[in-house]
1. Could you list all residues from segment B:1-53 that are within 14 Å of another protein chain (Cβ to nearest Cβ) and not hydrophobic (A, V, I, L, M, F, W, C)?
2. Considering only residues that are surrounded by fewer than 20 Cβ atoms within 10 Å (Cβ to Cβ) and either within 25 Å of A:Pro172 (Cα to Cα) or more than 7 Å from chain B (Cβ to nearest Cβ) (or both), which ones fall in segment A:72-83?
3. Working only within segment B:18-42, note down all residues that are within 42 Å of the chain's Cα centre (by Cα), under 30 Å from A:Leu114 (Cα atoms) and of a type outside the set (Ser, Thr, Tyr).
4. Would you pick out the residues in segment A:115-145 that are outside any helix (DSSP H, G or I) and under 22 Å from A:Val185 (Cα atoms)?
5. Have a look at A:Gly35, A:Gly18 and point out the one that is away from every other protein chain (no Cβ under 14 Å), more than 25 Å from B:Leu306 (Cβ to Cβ) and small (Gly, Ala, Ser).
6. With (1) within 14 Å of another protein chain (Cβ to nearest Cβ); (2) under 18 Å from the mean Cα position of the chain (by Cα); (3) more than 16 Å from ligand 2 (Cβ to nearest atom) as the list, and A:Val133 as the residue in question, which single condition is left unmet?
7. So, A:Ser212, is that one in contact (Cβ under 8 Å) with a residue 24 or more places away in the chain and more than 17 Å from A:Asp36 (Cα to Cα) or not?
8. Could you please let me know if A:Gly56 is of a type outside the set (A, V, I, L, M), at pLDDT below 95 and open to solvent by less than 20 Å² (accessible area, probe 1.4 Å)?
Amino acid sequence: MTDAIVSCRGVSKIFGSGELAVHALREVDLEILPGDFATLAGPSGSGKTTLLNMIGALDTPSSGHVVIDGQDLGSLSKAQLSDLRLNKVGFVFQAYNLIPVLSARENIEFVLELHGLERGERRQRATDILREVGLEGMEDRRPAQLSGGQQQRVAVARALVSRPRIVLADEPTANLDSRTTGELVQLMYRLNREMGTTFVIGTHDPRVMEHSKRHIELLDGRIASDERIG
Amino acid sequence: MMNTIRIFAPLAWRNLWRNPRRTLITLVVVSVGLWSVLAFNSFLNAWTQASKDTTLQLLLGQGQIHAAGYMDDPGVETLMPPPSDGLLKALGDKRINAWATRLVVPSVVQSEYKTLPVMIVGVDPKAEGRVSSIPGKVVEGRYLNGPDDDGVVIGRHLAERLKTGLGRRVILMSQGADGLLAEQSFDVVGLYDVDQQTEDYYVFTGRTAGQKFLRLKDEIAEIVFTIPKDQDLAPVIRSLKAVAPDMDVRSWKQLSPFLAATNSFMSGFIYIWLSVVFTLMAIGIVNTQLMAVFERTHEFGLLQALGMKPRLVLIMVTMESTLLIGLGVLIGMAMAAASIWVTSDGIDLSGFARGLELVQGGQVLYPKFDAGSFVLFSLVIWILGIVVALWPARRASKCSPVEAMRMAT
Ligand SMILES: Nc1ncnc2c1ncn2[C@@H]1O[C@H](COP(=O)(O)OP(=O)(O)OP(=O)(O)O)[C@@H](O)[C@H]1O
Ligand SMILES: [Mg+2]
């Protein structure tokens, strides 16, 4: 079990305090293994987003430990958390994932710039990954000139381009129609199979769960079930 | 750091034009603010310069030499011989434009109606014309013809007070060299018109004629000199002091402390204006930038979620304000340079001449382009602008990625 990418031990998250305190997560134990294609489901308010934020080093637990690739989040500064996200995690959010003043390619190159990559290599990798997600010929469009599904593909491409250990997607298909949803899930599934990228996807969408290889169900801040499929 | 700038500069530039209206407002605020500082500064300098020149050209010159004791007690006992030897040679130096000797003693002028205290000034008209503007300000009659001209040229206002005029006679009284009263009547041959104070106080006659009247030989009271434009005064004063160690050599600043004080007050005034402009500008910058940052909260959160450190967000937003304010500064500089260029042929204030005369201002101002103050004020505005914009930038770097992502859904 030491080869887990992320492991959560007794993770609780409490928002607010006193009477108004909300227990978003209660004593969650979870391990994400390399190659996982996991879906995280549960009713609204059950703590999906909160848990994904922990796994992605966006937030730190109120108690318990989150260890990402050997590093305990509790011991890291803000800047170190930033570095951890930059190097190990890719994110796909529900919407407004892209920087509006940058073109599709520039959005991807931006992350590579943060990594300190040379211009030539940046361009090459951005072009390649955009082809990979089926956006050849749209490299120079700004987000406003892309459809919702295309924007999400750019977001997936950006999450993948720096070859992170894990990609987290929080309701990536919530704003998409069913056909585009299907395409996006297919894309992520293919990338998981072909490149071995680990995915954890928070979702309500049955079309997403269809491809799931591991299904985690949250209820009231606790893991209600965690089963591998197939 | 260079690398960071290269990466974020294009991004910062594009972000500026996301809200063109707001960017334009900031540009206008900065450029008009800087323009007003630069234009006002050159106008003020021109005005101070012109009023200083006008005053110095009346009688003061750039400096004067007297016998020791004359300044405390001007009169026939504190005179000196005309310059000779070393001093004469020093006055011929190329750092001195022109010089003239004068006999200046207190006196009383009397007409049929009135008796008034004045200074009688004996001049050599030719030399005087090179150091003083008064020979050119005769409005009725003529100026003096030579050192032995025994007519008098008096101020127009003095003539009014004495109820006398051109072609009439006035009596001058003073203490003669022998200690006895000297008294003589003089023809009024000319009236000059400058400012009231001068007109009331100085009565001009030929130097030799004045010496004869006071029963003197060739003694004089003062040597007045001017220096070429752009020549430093201090070394000239030093070398004159060196050749005339027992004499009283003074610069115009020492001769007229009031004028010197006015001068430095005027140049200090620009800093008051600078701080007013800056305060208004700072309010404008902070307001618009805070608004811009607030609107982009989600984006700053996203950038941090992607692994951009808070420090980098701060740098990026600061670069935006650096570009924005820098652009405003450039526009302001161009506007100021243009308005100085347009007015460099002179701003004619003769319309206000009467009013300005009271404070001894010049009538035509020549605003000058002064690269030093241009760069200084522009840099001050730019740097201070960036500093106040650090506040909104800090706000941006404090955006929490979690909050930002929550806001989106
Ligand atoms: N920053 C916060 N401040 C206060 N309460 C919060 C905060 N973030 C989450 N919560 C609360 O924690 C609980 C879990 O929220 P979370 O967003 O993780 O649920 P979710 O499963 O993602 O729901 P949804 O399906 O609606 O996205 C909810 O009750 C929510 O109101
Ligand atoms: Mg959620």
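1. Let us first name the residues in segment B:1-53 that are within 14 Å of another protein chain (Cβ to nearest Cβ), namely B:1-20, B:23.
B:Asn3, B:Thr4, B:Arg6, B:Pro10, B:Arg14, B:Asn15, B:Arg18, B:Asn19, B:Pro20, B:Thr23, listed by residue number.
2. Within segment A:72-83, the subset surrounded by fewer than 20 Cβ atoms within 10 Å (Cβ to Cβ) is A:72, A:74-80, A:83.
Answer for segment A:72-83, where residues must be surrounded by fewer than 20 Cβ atoms within 10 Å (Cβ to Cβ) and either within 25 Å of A:Pro172 (Cα to Cα) or more than 7 Å from chain B (Cβ to nearest Cβ) (or both): A:Asp72, A:Gly74, A:Ser75, A:Leu76, A:Ser77, A:Gln80, A:Asp83.
3. Selection gives B:Pro20, B:Arg22.
4. Within segment A:115-145, the subset outside any helix (DSSP H, G or I) is A:115-118, A:133-142.
A:Val133, A:Gly134, A:Leu135, A:Glu136, A:Gly137, A:Met138, A:Glu139, listed by residue number.
5. Values: A:Gly35 fails: more than 25 Å from B:Leu306 (Cβ to Cβ).
Criteria check complete, one pass: A:Gly18.
6. So A:Val133 meets the others, but not (1).
7. Numbers: in contact (Cβ under 8 Å) with a residue 24 or more places away in the chain: yes; more than 17 Å from A:Asp36 (Cα to Cα): no.
When the stated conditions are applied, A:Ser212 does not pass them.
8. Values: of a type outside the set (A, V, I, L, M): yes; at pLDDT below 95: yes; open to solvent by less than 20 Å² (accessible area, probe 1.4 Å): yes.
Yes; evaluated as a whole, the condition is true for this residue.
The values are calculated or read from the model by the stated rules, or taken from the named source; none is laboratory data. Everything numeric in this text was worked out from a predicted model, so none of it was measured. All Cβ positions, even for glycine, are placed from backbone atoms using ideal geometry, and neighbour counts span all protein chains on display. Accessible surface is based on the protein model in full, side chains and every heavy atom, while ligands, DNA and RNA are left aside. Shrake-Rupley method; radii C 1.70, N 1.55, O 1.52, S 1.80 Å.
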